[in-house]
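S.K.: Dropping the structure in here first, questions after.
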Amino acid sequence: MQRAQFIQLGDTAMAADAHSRDREAVVAAIGAVTQLEAWCAAQKIAYAQALSSMGAPAECVVARASRCNSRDAERVVHRALIAQAAPSFADALANGRIAAGHLDQLSGSLRRLDSSQQATLLADTQRLVTIAANSTPDEFARTLRTEERRLATDDGMTRLERQRAAVRLLMRTELDTGMNIFTLTVDPVTGVKLYNKITAATEALFHDKTPDGCPSDPLDKQAFLRAHALLKIIDGKGIKLSRAEIVVVVDSTTPDPATGAPTVDWGLPVEIPHRVLVELFEVADVHTVVVRNGVVIHAPGELNLGRTTRLANRAQRRALRAMYATCAIPGCAARFDLCKIHHVKWWRRYGRTDLCNLLPICVKHHTLVHSGGWDLHLADDRTLTITHPDGTTMTTGPPKRNAA
């Protein structure tokens, strides 16, 4: 980044503050700060590389100089290693084209590949940089998972066995609070089984009640309930779980270029060999939802309930999950499970509990819709238009599960 550009970005960033009422100035300031943050991250990476070349303990020096914890310092040093392997990503970060999160996603992808696959992926970094520059880190992660599947040389079992060999459980105690922290890393198939058990237990235990001490913050509340559900599963007493569900999404919008068949999303970042399918069928009920251009064209169950009930049924939630992996508001990464099912035309304004009138919206944005003056309009192709109180609008096209 040239000095003149740096100064210009600084001026743009300082042109707005908490008292600003110029929307365009605030948006421009956010963009400028983002570019400056990327440059700062790139500089930290360069400094870590310099310290390593001097033989200095880079993690300790970075932690001390930046007054951060050891985990953040280790992340900087690890980014420096990735930047050496993929210098075009380091250049893009320094120029503000990508964020440090893109580098972290590339790092995670490389860890899941063997040495020959890593070399193949890194040989195509210019294309990956272009994709990263036009997507969020989460969207870029989905692209990388697609690349990983393309690099697989068999039906996915080799990679799955490697993931199963990497299963780990780490334990530590926080000295200041005395709390025990367990970090569990499992392969995708085991993760689906565990996730479904915890979700089913949470629903069975806390559908209409919450235990004492439950926090009021929506995200903290969900974490609290999931933790207690897991403890109840471990205890093994007083809980009877129904079979978990897996929603398979068949997207006929863009056929697979290799086979011409519709794209099938099992919700797993791994190829689905026969052995894995058998395991999944044994532990869960599998439901298929077919979508085209973001609209459900087939799903099991009743999808239109009219005015008979205010609450969405399980079939409607399955169909919505097939279309939306996260909150329907653009840019929101809150997972579907943390969302409320919102009536676009409000129930108290005689809106119907039909699929075409339902959207998954996280608690924060649900509050803005009901109390913050946001107005939503959902077209037949599920194009969503949001009108803010100041009259500005935001429009997003039909939902895409793989936006990258």
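S.K.: Once each part is reduced to its C-alpha centroid, what is the distance from segment 178-193 to segment 21-76 in angstrom?
M.R.: After rounding, the separation between the Cα centres reads 29 Å.
S.K.: List the chymotrypsin sites (Phe, Trp or Tyr not before Pro) within segment 312-404 that DSSP assigns to loop and that have no more than 11 neighbouring Cβ atoms inside 10 Å.
M.R.: In loop regions of segment 312-404 (DSSP not H, G, I, E or B), the sparsely surrounded chymotrypsin sites (Phe, Trp or Tyr not before Pro) are TYR350.
S.K.: Please report, in debye to the nearest 20, how large the charge dipole of segment 186-227 is about its Cα centre when each Lys and Arg carries +1 at its beta carbon and each Asp and Glu carries -1 there.
M.R.: The calculated dipole for segment 186-227 is roughly 140 debye.
S.K.: Take the alpha-carbon positions of segment 165-235, form their convex hull, and give its projected area averaged over all directions (one quarter of the hull surface) in nm².
M.R.: Taking the Cα atoms of segment 165-235, their convex hull projects to 6.1 nm² on average.
S.K.: Report the one residue of ILE181, CYS60, PRO262 whose Cα lies farthest in the direction of the positive end of the charge dipole of the chain (charges on C-beta: Lys and Arg +1, Asp and Glu -1; origin at the Cα centre).
M.R.: The residue sitting most towards the positive pole is ILE181.
S.K.: Which length gain, in nm to one decimal place, applies between THR146 and ASP354 when the Cα-Cα distance is subtracted from 0.36 nm times their residue separation?
M.R.: Contour length minus Cα-Cα distance gives 71.5 nm.
S.K.: Further question: Could you check the simple spin-label distance between GLU161 and ASN180, using points 7 Å along Cα→Cβ, in nm with one decimal?
M.R.: 3.5
S.K.: Dipole size in debye (nearest 20) for segment 165-235 around its Cα centre, Lys and Arg Cβ +1, Asp and Glu Cβ -1?
M.R.: Here the size comes out at about 300 debye.
S.K.: What number comes out for the charge environment of ALA100, summing +1 per Lys or Arg and -1 per Asp or Glu over other residues with Cβ under 13 Å away?
M.R.: Result for the local shell: +1.
S.K.: Under a point spin-label approximation (7 Å from Cα along Cα-to-Cβ), what is the ALA50-ASP138 distance to one decimal in nm?
M.R.: 3.6
S.K.: Could you work out the pair-distance distribution P(r) of the chain from its alpha-carbon pairs, with 10 angstrom bin width and percents rounded to whole numbers?
M.R.: Pair shares across the bins are 4, 16, 26, 28, 20, 5, 0, 0.
S.K.: In debye, nearest 20: dipole of the chain around its Cα centre with unit charges on the Cβ of K, R (+) and D, E (-)?
M.R.: The dipole of the chain has a size of about 780 debye.
S.K.: Can you sort ARG348, ARG142, ARG382 so the residue with the fewest Cβ neighbours within 10 Å comes first?
M.R.: Ascending Cβ contact count within 10 Å gives the list ARG348, ARG142, ARG382.
S.K.: Of the cross-linked pairs LYS197/LYS400; LYS197/LYS340; LYS209/LYS340; LYS209/LYS232; LYS193/LYS364, which ones have a Cα-Cα span greater than 25 Å in the structure shown?
M.R.: LYS197/LYS400; LYS193/LYS364, as the Cα separations exceed 25 Å there.
S.K.: Run through the DSSP bridge list for the chain and note the antiparallel percent, rounded to the nearest 5.
M.R.: Here the antiparallel bridges make up roughly 75 percent for the chain.
S.K.: Here is a further query. Using Cβ contacts closer than 10 Å as the measure, can you line up ASP22, ASP176, ASP354 from fewest to most?
M.R.: Fewest-to-most ranking of ASP22, ASP176, ASP354: ASP176, ASP22, ASP354.
S.K.: While we're looking at this one, here's another question. Between HIS370 and ALA28, what's the calculated FRET efficiency when r is the beta-carbon distance and R0 is 25 Å? Round to 0.05. Walk me through the intermediate numbers first.
M.R.: On the way: r = 30 Å, r/R0 = 1.21.
After rounding, the FRET efficiency stands at 0.25.
S.K.: Report the one residue of ALA94, GLN43, VAL369 whose Cα lies farthest in the direction of the positive end of the charge dipole of the chain (charges on C-beta: Lys and Arg +1, Asp and Glu -1; origin at the Cα centre).
M.R.: VAL369
S.K.: Quick check: Cα centre of segment 282-310 to Cα centre of segment 87-147, how many Å?
M.R.: 35
S.K.: Evaluate segment 65-118: find the radius of gyration of its Cα atoms, find its Kirkwood radius, and give the ratio Rg to Rh.
M.R.: Rg/Rh: 1.01.
Throughout, read-outs are computed from the coordinates displayed, never taken from laboratory work. Everything numeric in this text was worked out from a predicted model, so none of it was measured. Note that each Cβ is placed from the backbone with ideal geometry, even for glycine, and that neighbours are counted across all protein chains shown.
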